[in-house]
Structure formats: C-alpha cells, structure tokens
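First the structure, in the form of structure tokens, and then the observations on it.
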Amino acid sequence: MALLNVQELKKLPSGMSFKSIFVITALFQKTDKNGKPYYEMSISDSTGSIDAKIWSDAAWFDRTEADDIEEPAKDLPDEAILGLIGSTVGVDGKTAEYRKQLQFNFNKITLLNQDKYPAAQFLPRSPIPIDEMVARYESLIASCRPQIADFLKFVYQGETWTKFRDWPAAVSHHHAYANGLIEHTLAVADCAKSMAESMKRSGYNVDVAVVIAGALLHDLGKLDSYKMTSIPEMTTEGAVIDHVAQGYLRFMQYADEHNLEEKLKLHLAHILLSHHGQREFGSPVVPATPEALIVSSADELDFRMFCWSSSVKDLPEDKPISQWHNATNRRFWNREDSEEE
Ligand SMILES: [Fe+2]
Ligand SMILES: [Fe+2]
C-alpha cells in the first residue's frame with residue numbers, strides 16, 4: 001500500500017484503510033464512556049495536519065532500532081506514548097464518517113528511527129523560499145533612513161536573526177510552521193508600506209520608515225513566546241505574559257543598548273504595544289498615530305487573509321463555504337477566481 005500524505009488522506013472516502021508517515025504535533029490521553037483510555041492526536045506532514053483518534057485496542061510499536069522495515073518491531077510501553085510529541089511515526093489507519101465529517105482512526109502506530117526519518121523533513125514550512133524572503137527583508141530595511149535601518153540591523157543580528165528567520169508565527173491559527181514568523185512579518189511590512197505610501201499620497205502626514213520599522217518589529221515578542229524544537233510550541237512565558245508585552249520588553253532593551261533617540265523609541269514602543277488594535281485583543285493601548293493605525297490594520301489583514309486561504313484550500317468545488325472559523329468569527333467563501341489582467 002502506498003504511503004498517503006495528509007492532503008491525500010483528506011480526500012479519501014469513509015471506510016478506507018491507509019498507511020502514512022507523520023510527525024505527532026499534539027497528543028492527549030482521554031477516557032471513553034466505558035472508562036477505557038484512548039488518545040487524541042494531531043499529526044502533520046509537509047502538506048497539512050489532521051486530528052485523529054486512537055482507541056484502546058490500537059497497537060503501538062517501537063522500530064527505532066530496527067534497520068529494516070521487515071524486522072519485527074518491539075512493543076512500545078504505554079508510559080512512552082505521551083513522550084512521542086515531536087516524533088516521526090508510521091501509521092496504519094482507517095477513515096470513518098462521524099456526524100457527516102471524515103474521521104481518522106489509527107489502529108497501529110510505529111515510532112520510527114528518528115535519525116532516518118527526522119521530523120524536520122516531514123514538517124510544514126513556509127511555501128515561500130527563504131532566500132526570497134531574506135531578499136525582501138533586506139530591501140525593506142534599505143528603504144529606511146539610516147537612523148532606522150541601523151537600529152533594525154542592530155536588533156536582527158546573531159541569534160535574534162536566526163530565530164526570527166526560522167520561528168513559526170503561531171502554534172495554531174496562522175503561519176504555524178517553520179519560517180512562518182518572517183513570512184507573516186514581511187506580509188505585514190510590505191502591506192503597511194504600501195498603505196503608508198498611499199495615505200501619504202492622499203495627503204496624510206505619515207512617516208513611511210517608522211511604519212516599516214514598526215511592522216518589522218511588531219511581533220518581536222514571539223521570539224520569546226514560542227520555541228521551535230521540531231514542532232512549534234508555546235513557552236510558559238508566552239502563555240502567561242504574551243508576545244505583546246514580551247516584545248515591548250525586548251524592544252526597550254535593544255533601544256537602550258543602541259541609544260535609540262527618545263522620540264523614535266516612544267513611537268515604536270507605542271506601535272508594538274498597540275498592534276493588536278483593541279484592548280480586548282491583548283493590546284494595553286489602542287493605536288493613536290497614523291503609523292500605529294497602519295501597522296495594526298496590516299497585521300489584522302494578513303491574519304485574516306491567511307485564515308481565508310487555509311480555510312478554503314481544501315473545500316470541494318461544489319461546497320464553496322468553509323466551516324465556522326472561530327478565531328475570525330465567520331465562515332469564508334471560496335469565490336471563483338475572477339479573470340485578472
Ligand atoms: Fe501580534
Ligand atoms: Fe502579527
């Protein structure tokens with residue numbers, strides 16, 4: 001039987017058996033109505049992710065030391081199961097229909113040799129090539145006046161730069177894959193720059209370079225809220241302090257080390273703290289300058305655009321309306337592509 005990827009699994013009819021290789025990204029033990037333990041698992045490969053159920057009669061094997069796929073596998077002890085998050089596993093399963101939704105049941109899970117099947121090779125990353133993103137980042141910085149460009153280069157160097165380049169932008173919801181943070185940040189910065197330029201043409205007083213700097217720095221705190229082992233995970237600090245406050249803290253440290261001019265420091269700090277647009281979305285202050293308004297609008301727009309594209313990408317042609325999308329409080333529509341010039 002050929003190995004199927006997530007994209008292919010989502011298109012299977014109910015009642016089909018399959019074999020696959022995935023990385024486990026979340027795993028919870030639960031108890032069914034008869035008191036028997038079962039597991040809920042999220043798995044990913046480079047084509048997407050799905051949730052699956054593993055009932056108590058499933059078999060768990062350990063093939064980490066087996067060189068050959070034909071060798072008999074050892075049983076995996078129960079207490080090792082919850083430690084499998086982030087590991088690559090082979091899976092035998094079957095699709096089923098439950099409340100009109102396709103459900104995936106795994107009946108055999110085999111832990112594979114992680115050197116031969118490294119998780120990073122199976123995990124999603126940004127669809128945009130990293131070299132292309134680095135070039136866009138550099139040209140944005142080059143378009144700023146020296147005072148601002150120098151500060152941005154000071155911030156994004158060494159470990160800060162490698163994390164910024166490699167990190168996810170979230171653990172769920174949006175850009176939750178390697179290079180997701182730089183992908184999202186560039187989308188926000190490009191969009192914010194265009195908005196700033198057009199607002200300027202419309203007669204508003206906008207400092208385009210401050211908009212670019214604010215956009216490139218807006219999610220700085222995510223370097224502390226997330227970590228990337230093989231899968232994106234939230235840190236404890238990320239859960240209890242959150243990236244808006246963490247970003248402000250990091251920014252103030254860089255600004256002081258670099259002796260950033262006071263007025264610029266205050267304005268960029270305001271942009272970072274207000275970038276979620278509203279107090280109920282985690283910003284302690286709301287945007288109060290043209291530059292802060294533009295950055296928070298571009299951030300929200302990129303988030304919603306991403307949610308639109310990921311919600312509609314697997315919809316069948318005859319069903320153009322997505323399921324309810326909690327984070328944006330709406331359903332999305334896969335409108336037909338209009339003819340574009
Ligand atoms: Fe944010
Ligand atoms: Fe953001």
Please give the helix 243-257 orientation as an angle from the longest Cα principal axis of the chain, in degrees from 0 to 90, rounded to the nearest 10.
50
List the GluC sites (Glu not before Pro) within segment 9-81 that fall in a DSSP loop (any state other than H, G, I, E or B) and whose Cβ has at most 11 other Cβ atoms within 10 Å.
GLU65, GLU70
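Take the Cα gyration tensor of the chain, multiply each eigenvalue by 5, square-root it, and list the three semi-axes largest first, rounded to whole angstrom.
Numbers: eigenvalues 353, 107, 65 Å².
After scaling each eigenvalue by five and taking roots: 42, 23, 18 Å.
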Can you give the relative contact order of segment 6-122 as a percent, counting alpha carbon pairs under 8 Å and 6+ residues apart?
32
What FRET efficiency do you get for GLU65 and GLU132 if R0 is 56 Å and r is their Cβ-Cβ distance, rounded to the nearest 0.05?
0.85
What relative contact order, as a whole-number percentage, does the chain give when Cα pairs under 8 Å and 6 or more residues apart are counted?
11
Most mobile of PRO37, PRO287, PRO168 in a GNM of the chain (Cα contacts under 10 Å):
PRO37
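Subtract the Cα-Cα distance of LYS11 and ASN329 from 0.36 nm times their separation in residues, and report this length gain in nm to one decimal.
On the way: separation 318, 0.36 × 318 = 114.48 nm, distance 2.61 nm.
So the extension gain works out to 111.9 nm.
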Spin-label point model (7 Å from Cα, Cβ direction): what's the LEU249 to THR160 distance in nm?
1.5
The distance between the Cα centres of segment 265-309 and segment 87-112, in whole Å, is 40
Mean residue ellipticity (222 nm) of the chain, computed from DSSP H runs ≥ 4 via -39,500 (n - 2.57), nearest 500:
-11500 deg cm²/dmol
Mind pulling the angle between the C-alpha long axis of helix 290-312 and the longest principal axis of the chain? Nearest 10 degrees, somewhere in 0 to 90.
20
Can you pull out the chymotrypsin sites (Phe, Trp or Tyr not before Pro) in segment 233-341 whose DSSP state is coil and whose Cβ has at most 11 other Cβ atoms within 10 Å?
TRP324
Given the Cα-Cα distance of GLU339 and THR235 and 0.36 nm per residue of separation, how much length would full extension add, in nm?
33.0 nm
Would you grab the residues whose amide H sits under 5 Å from the one on TYR38? Only those 5+ places off in sequence or on another chain, please, with H modelled 1.01 Å from N.
LYS30, THR31, ASP32
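If I take every Cα pair under 8 Å that is 6 or more residues apart in segment 130-309, average their sequence separation and divide by the length, what percent do I get for the relative contact order?
Working: 266 pairs, mean separation 37.0, N = 180.
Computed value for segment 130-309: 21 percent relative contact order.
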Between helix 180-201 and the chain: long-axis angle, C-alpha atoms, 0 to 90°, nearest 10:
30
Taking springs between alpha-carbon atoms closer than 10 angstrom, which of ALA170, ALA80, ALA178 fluctuates most in the Gaussian network model of the chain?
ALA80
Within straight-line cross-link reach of LYS153, lysines at Cα separation under 16 Å, skipping those fewer than 8 residues along the same chain:
LYS163, LYS265
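Read the figures in this text as sums done on the coordinates, not as results from a lab. In this text, all values refer to a predicted model and were calculated from it rather than measured experimentally. For neighbour counting, all protein chains shown are included, and Cβ atoms are generated from backbone atoms with ideal geometry for every residue, glycine included.
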